[in-house]
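A.B. asks: One structure coming up, written as structure tokens, with questions to follow.
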Amino acid sequence: MNVLKTGFLLALLTVLLVFLGHLIGGTQGATIALAFALVLNFITYWFSDKIVLAMYRAKPLGESEAPQVYRVVREIASRSQMRMPKLYWISTRTPNAFATGRSPSHAAVAVTSGLLELMGEEELKGVLAHELSHVKNRDTLVMTLAAAIAGAIMYLARMAQWSLWFGGGRSRNSENRGAGALQLVVLVLIAILAPLAAMLIQLAISRTREYGADDTGAHLAGSPYGLADALEKLHTASREYPLPNANPATAHLFIVNPLSAGAIARLFSTHPPVEERVRRLRRMRL
């Protein structure tokens, strides 16, 4: 059910992008928007992992540096018949982790130095199982595609805003004032509603996949309690030490939201409420 829902939402994002292009530029605009989506998908498919790892200055993690990470990942990968992903670390006191890559055969898992300092054995196992679940379920590709398409929609909406600033919809011919007024209304709706719709669809995709990764991760780890305990620790620590230079476009990749956010902003978070995630985990019976 989650897979079908995610596929539907991703298709809806693409349709919204093409429709927005049509509203702005007619058939030609729709064609350009579709071509833009295809190019974005191509770049995202092949290079998203390299881009994200470089963005956070992630460095390869050697087994001698973190034998416990290798031991846990190797155990989980073997149990789930997955290829061992490449492991990276990010030098920051903020505890967090993310997975990236286009497929289980081309995946990477990054952990922060703060995570290794904070987590106990079972908690670390829960976190890594969650990230490997994203790889196993191909969420890393799906969520990055969703973010790329949503970003394109917001870019087109920004173009509509600029059109408004520079006189879009105005007409010097009195006979065309009705059409000009209608165009103006359309541009206003695009500028306001398109980014909101794109954001809500992206959030729905991201939150659906987070719940799915929690469930799969608990099964891969053999228990839901390590992940539940880890999420509680991460939630507290991330509010006290938000990730420096965290990019909102990549926030969905992390196990907990790396951004510092107030109560209103949390309503539009890429992640479900940690309290609800923990509640679901503690009610699981494996």
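Bear in mind that the values in this text are calculations on the coordinates, not laboratory data. The structure presented is a predicted model; accordingly, all values stated were derived computationally and were not measured. Cβ: placed from backbone, ideal geometry, glycine included. Neighbour counts: every protein chain shown.
A.B. asks: For residue 77, what is the net charge nearby, where nearby means another residue's Cβ is under 15 Å from its Cβ and Lys, Arg count +1, Asp, Glu -1?
C.D. replies: Here the charged neighbours net out to +4.
A.B. asks: Which lysines does residue 233 reach when only Cα atoms under 22 Å apart count, and residues fewer than 8 places away in its own chain are ignored?
C.D. replies: 125
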